Amino acid sequence: MKALDLKLLRELWRLRMQMLSITLVVATGIMSVMTMRGTYDSLILAQQNYYAQTRFADLWVSLVRAPLAVATRLGKVAGVDVVDTRVSFLATLDLPGVDMPAQGRFVSLPSHDRPVLNDIVIRQGRYITPGLSSEVIINEKFAQARHLGPGDSVKVILNGLARSLDIVGIANSPEHSYAVAPGSLLPEDERYGVFWMNRESLGPAFDMEGAFNEAVFRLSPNANADAVLKVIDKILTPYGGLGSYLRKDQLSHQILDNELAEIRVMGTVIPAIFLGVAVFLLHLVLGRLIATQRDEIAALKAFGYRNREVGRHFLLFAMTAVIAGALIGAIGGIVLGTHLIKLYAQYFDIPDLQYHVAPYLLLLAVTVTLAGACTGAMAAVREAVNLPPAEAIRPPVPLSFKPGPLERLGLGSVLPASGRMILRNMERRPLQALLSAVGIALSVAILVTGMFMFDSINYMVDLQFRVIQREDISLVFKQDMPDSVHFDLAHLEGVTTVETYRQVPARLHKGHREETTAVIGQQAGARLRRIIDSDGREVPLPMQGMVISALLAKRLGVSPGELLKVEWLAGKKGFVDVRVSAIVKDFIGVAAYLDQQTLGRLTGEPVLVSGAYLSVAEASKEALYAHLKQIPGVAGVASPQSMLASFEREMTQSLLLASSFLLGFASVIAVGVIYNGARISLSERGHELASLRVMGFHRREVAVLLLGEQAIITALSIPLGCVMGYLLARSIAANIETDTFRIAFVTEAHTYLFAALVVVAAALASGLAVRRRLDHIDLIDVLKSRE
């Protein structure tokens, strides 16, 4: 083995703890890339394969009833490639152990063939048998939640008639990857399932023989989607068409796509921060580490080693840390990514969802990290090799012995001798101190950026479930009902307050821009479900104007006081002009709000209601649930308390994983900066500190000189890191804006305190490790090394 290679091995062993900390920093950066961006790529790949396998549709339309002959006209529309019709209804489920009414979405399947579009993927069991009317296939999440499988049966009420259906298969569908019951915001798999049934059996149960109430389409590659929508809506208007919509507005796809958008932001920003910090630290630490070996570089040159050989030697020094870190990071990233994918598999019903290693991610991360390590190493090597050996072998001359700015201001006179020594050392190397502070500040910023999500989610949950949704129960009707249903509900046992609402699909037009949304008509003075802004302020609903979501206003480019053209997609279709009275910054969904009476007048219909919010006496809830199960007109029953419990149950595991991920990574970075800074300072000032010990200074006094500087740098970095974290968190919150979910920018004081405590703990641990090293320093050996 060559002499330089032997030296490399000895140096790596001698500096093993420093190399380990550098390796862990590299591993942290690469692990974050592999975990977060790898998870995003895996989800995208699974989604694309799933959609291709099941021939996922491009366009949907629901209607009241149309004969099958109309499908031929729909198939001839320019831009339509394939059309498939079906029957789809909501029905009540009679499930044991469930107090609240449970619902099932029943979707027809062809008896003798598979669906042309939106096929299902059988996970267990088999497909339905032609001619058997009692067979059904259920979705996997519902089956898991209810512990059901092929061979079991379930009792349902189809259009008022009780039936027992036999489960023959368990399946997934891209339409129901994220299955949410009507009126609910979150999946409640224990009481909402999707049922696929023979069309010849489901159709007659709902008076749909030879007819359909839902159609799905695949569009031609160059089709004008907006033009196709308008033609389809025109054809289906006589049949009670409820407005067609594209894949981007299909609920399950929209939720999955919005989640992917959030992962894309987090999976790009967070890994970029981690990788950037790793590169920065490598550049800083390796540069300082190699600078302490300038006398060895000079000795190598004096013995005849060329600059190229010396440079290669120290590049290998840097590359060892990067390669080891890449290995640990790749393995750790795959393990964490696999766990994260399993977590998403609990939320989204996507078959064969697995973590896939993307070689380009590892190559990119390693290349960027290696470049940072090499530039940091070579900058120090270049400075040393450019000096003559006789000059380089001497310790570097301090830049200045003059009092620094702070000392000239009189700060030195109020400090003890040890304080003045620390102050002078920092003032003579201000850039080094600044870079160390920035490195530590970045770990604080990472913690603040990650922990602000907890503050935001807690705020949003409290706002949504305790301020906005104040009802005990919300009802969704199968079809719009007369306003008189308000009095029928008020007379139900235990009901103390009733507020009804109407929901009408509409397209909002502003110039060339248009957006499809739901216009919600609320009762004047509603108290159970209010319009609340992001700051908790109630936005009153005017008698004439419209209140719209801020995201909707942004997309339409509309401001308060301007007119919107509203195109009704249900009922008596047509256009009306409505003035925007207010814009509300909300966090969940996008909608437009009108007074219920005004909505009836603008649609040209009597006042109708789509659902109701009820306040119910606690003692009467069980009896009321039992009664609601027997009402055929009720499509969905939801409870804010039940939704909140479901949300907290699902979020606990994901938040625990995210917090552990960020806490561990930020701690590694903090320890990496502080420990290496202190160890390198010990190497740089070893002769000076040993001299002080020989002169009579105690170990504690010498430790104060060494670690005091690191303590000051850490103290200065914490407020800087808090500011950086604030800006990063604000940027992330601003970039997560989807139709289903927005992030509230909320950071509580305890988040900054927690971040500071983690960094202080890392600093104390690093300080103790260096203090032990300092206590066992060989004074004679250190002093002789300069002779």
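Note on residue 533: accessible area approximately 20 square angstrom, rounded to 10, probe 1.4 Å, nucleic acids and ligands left out.
When only C-alpha pairs under 8 Å and at least 6 residues apart count, what is the relative contact order of the chain, in percent? Reported relative contact order: 18 percent.
The figure for residue 674 is an accessible area of roughly 10 square angstrom, using a 1.4 Å probe on the protein chains alone. I'd like the orientation of helix 307-347 relative to the chain: the angle between its Cα long axis and the longest Cα principal axis, in ° from 0 to 90, rounded to 10. The angle comes out near 20 degrees. The calculated FRET efficiency for the pair residue 627 and residue 166, based on their C-beta separation and a Förster distance of 35 Å, comes to about 0.75.
Would you work out if the chain is rounded, prolate or oblate? Take a ≥ b ≥ c from the square roots of the eigenvalues of the alpha-carbon gyration tensor; rounded if a/c is under 1.5, else prolate when a/b is larger than b/c, oblate otherwise.
Prolate, because a/c is 1.5 or more and a/b exceeds b/c.
Spin-label model, residue 9 to residue 648: label points 7 Å out along the Cα-to-beta-carbon direction sit 6.0 nm apart. Estimated at the nearest 10 Å², the accessible area of residue 575 is 120 Å² with a 1.4 Å probe.
Under 1.5 on a/c is rounded, so check that first for region 583-635, then, if it is not, pick prolate when a/b is larger than b/c and oblate when it is not; a ≥ b ≥ c are the square roots of the alpha carbon gyration tensor eigenvalues.
oblate
Here residue 554 is the anchor, and the aspartates and glutamates within straight C-alpha reach of less than 14 Å, apart from those fewer than 8 places off in the same chain, are 514, 515, 562, 586, 737, 739. 3J(HN,Hα) couplings calculated from phi for region 86-101 with the Karplus curve 6.51 cos²θ - 1.76 cosθ + 1.60 (θ = phi - 60°) are, in sequence order, 6, 10, 9, 8, 9, 9, 7, 9, 9, 9, x, x, 10, 6, 5, x Hz; Gly and Pro show x.
Computed extension gain for residue 112 through residue 487, at 0.36 nm per residue and net of the alpha carbon distance, reaches 130.3 nm. Taking a sphere under 12 Å around the Cβ of residue 305 and counting the other residues whose Cβ falls inside, with K and R at +1 and D and E at -1, yields a net charge of +4.
Cross-link reach is defined here as a Cα-Cα straight distance under 19 Å, omitting same-chain residues fewer than 8 places apart; for residue 342 the lysines meeting it are 141. Residues 113, 462 ordered from highest to lowest accessible area at a 1.4 Å probe: 113, 462.
Here residue 496 and residue 239 are evaluated by their C-beta separation; at R0 = 45 Å the FRET efficiency comes out at 0.65. With the cut-off at 1.5 for a/c, could you classify region 133-236 from its C-alpha gyration tensor as rounded, prolate or oblate? Prolate.
Accessible area ranking (1.4 Å probe, heavy atoms, ligands and nucleic acids excluded), largest first, for 695, 31: 695, 31. Within a straight-line Cα-Cα reach of under 15 Å, residue 573 can be paired with the following aspartates and glutamates, leaving aside sequence neighbours fewer than 8 residues apart in one chain: 233, 605.
The values are calculated or read from the model by the stated rules, or taken from the named source; none is laboratory data. Because the structure is predicted, anything quoted here is derived from the model rather than measured. Every residue, glycine among them, receives a Cβ derived from its backbone with ideal geometry; neighbour counts consider all protein chains shown. For the accessible areas, the whole protein counts, side chains as well, though only heavy atoms, and no ligand, DNA or RNA atoms are used. Shrake-Rupley method; radii C 1.70, N 1.55, O 1.52, S 1.80 Å.
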